[in-house]
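Asker: Take a look at this one; I'll ask things after.
All of the numbers you see were taken from the coordinates with simple rules; none came from a lab. As the structure is a computational prediction, the values presented were derived from the model and not from experiment. Neighbour counts are summed over all protein chains in view; Cβ atoms, including those assigned to glycine, are modelled from backbone coordinates with ideal geometry.
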Amino acid sequence: MSIFKKIMTAIRGGASEVGESIIDSNATRIFEQEIRDVENHLTKAKRDLTGVMAEQMAANREVDRLKREIIEHEGYVAQALDKGDETLALAVAEKIAALESELAAQQQAFESFQGSANRLKDLVKKSERQVAEHKRQLSMVKTTESVQKATSAITDNFSSSNSKLLSAKDSLERIKAKQQKFDDRMKAAEVLEAENGDGALEAQLKAAGIGAQNASANSVLDRLKAKQNKA
Amino acid sequence: MNIHKIANHLNTLADDSETGMTFDCQPISGEVDVLQITILGREELPLFVSVTDDQILCITYLWGEDEVKPECISSMQVSMLEMNIPMPLSSFSKIGDKYVVFGALSISSTFDDIEHELTVLNNNALEVIDDMSEYLL
């Protein structure tokens, strides 16, 4: 059964009861150990792969060297035949035969290393996908567990503090009422500001010519003239 | 990231938040650490934050199964599914017998991301309750 299905079944089956753990912590630990095992295998496979690829390169170099040497010796055979030295030509041909059988062996080794390298590469890719998948599943299990424990902590907190859980509608009404109160206060403050400050009454008095009047240039001049006259 | 860092950050913000909200944080002790966050003026809808290995979960409880008009349960659930994508950052879920909205953030989120998430989650929750109250008793 997939982890997804397991979690779904557990939640449906009422395992979401407060304090009850969906997947026992032992199973989680085993799962974590499995992931670590796969990761270890992965590291080893990658190391093996490096080794095999080094061998593969060495075999490839050897193949090239043997091919060059064979061509070189084939040239020698032609030269010996040109000179009519059949015995020498035969000796070189024997050398070529030895080189060719060595080439065949190296070629085979190269192909075998290549096969192993490809197999290891596939294995590494497969293991990497598996680790990623296991980690995703583990994260699901752990999150489910964590949410359950968090829920139980929250529920305990509510019941211990005796705070009554309001219904959603009541909560909304109270929040809206608070917002309304805040808005009303802001509006009231604006009205008060308009009424008090340099507000209504003063303006009316001023308009009627009662109370303090605005200082005008003429009144200032008059005042200064009066002062001068006194002096 | 852990809940204490988040609490410290939100508490020191006071009036200087980017979002105009004032947060109050209260850690709840239990098997896992949970942070209860209330927003000034909206104390009735607390947000709960917990941190796991790879994510930060922010959850707000909407209402209980028992608050839903029995004949409306199915159409309410369909509405929730339909609204899951349009609703910014938050998704609907159900924990035990309670419907919730939640947001999940990467463990490497910044404080600004978290503050933004919490504000959006709270606004979403308020709006959801307002708009779905026809389904509720």
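Asker: Given the rule -39500 (n - 2.57) for each run of at least 4 DSSP H residues, summed and divided by the residues of chain A, what is its mean residue ellipticity at 222 nm, to the nearest 500 deg cm²/dmol?
Answerer: Calculated at 222 nm, the ellipticity per residue is -30000 deg cm²/dmol.
Asker: In addition: Hey, how much of the P(r) for segment B:3-135 falls beyond 20 Å, as a percent of Cα pairs?
Answerer: Percent of Cα pairs beyond 20 Å in segment B:3-135: 44.
Asker: Sticking with this one: Projecting each Cα onto the charge dipole of segment B:3-135 (Lys/Arg +1, Asp/Glu -1 at the beta carbon, about the Cα centre), which of B:Leu13, B:Pro70, B:Val51 comes out farthest on the positive side?
Answerer: It is B:Val51.
Asker: Most mobile of B:Phe111, B:Phe23, B:Phe102 per a Gaussian network model of chain B (Cα springs, under 10 Å)?
Answerer: Result for chain B, Cα springs under 10 Å: B:Phe111 fluctuates most.
Asker: Scattering from the C-alpha atoms of chain A alone, worked out with Debye: what is log10 I(q)/I(0) at q = 0.12, 0.18 1/Å?
Answerer: Summing over Cα pairs of chain A leads to -0.97, -1.25.
Asker: Next question. Averaged across the residues of B:25-33, what count of C-beta atoms belonging to other chains lies within 10 Å of each residue's C-beta?
Answerer: 5
Asker: Using Cα centres only, tell me the gap between segment B:1-77 and segment B:110-127 in whole Å.
Answerer: The two parts, judged by their Cα centres, are 9 Å apart.
Asker: Between 0 and 90 degrees, rounded to the nearest ten: what's the tilt of helix A:25-82 against the longest Cα principal axis of chain A?
Answerer: Helix A:25-82 and the main axis of chain A meet at about 40 degrees.
Asker: Could you give the size of the charge dipole of the protein assembly as shown about its Cα centre, using +1 on the Cβ of each K and R and -1 on the Cβ of each D and E, expressed in debye and rounded to the nearest 20?
Answerer: Taking the Cα centre of the protein assembly as shown as origin, the dipole is about 1000 debye.
Asker: Give me the inter-chain shielding for B:63-71: mean count of other chain Cβ atoms within 10 Å, whole number please.
Answerer: 2
Asker: Taking only Cα atoms and a 10 Å spring cutoff, compute GNM fluctuations for chain B and point out the largest among B:Thr38, B:Thr12, B:Thr119.
Answerer: B:Thr12
Asker: Quote the charge dipole size of segment B:3-135 about the Cα centre in Debye, to the nearest 20; the model charges only the Cβ of Lys and Arg (+1) and of Asp and Glu (-1).
Answerer: 180 debye
Asker: Compute a Gaussian network model of chain B, connecting alpha carbons closer than 10 Å, and tell me which residue from B:Asp33, B:Asp97, B:Asp112 fluctuates the most.
Answerer: Judging by the Gaussian network model, the answer is B:Asp97.
Asker: Which of B:Ile85, B:Gly30, B:Tyr135 sits farthest toward the positive end of the charge dipole of chain B, with +1 on the Cβ of Lys and Arg and -1 on the Cβ of Asp and Glu?
Answerer: Going by the charge dipole, the pick is B:Gly30.
Asker: Right, something else. Considering the dipole of chain A built from charges on the beta carbon (Lys and Arg +1, Asp and Glu -1) around the Cα centre, which of A:Val141, A:Ala98, A:Ile210 is farthest to its positive end?
Answerer: The Cα lying farthest towards the positive end belongs to A:Ile210.
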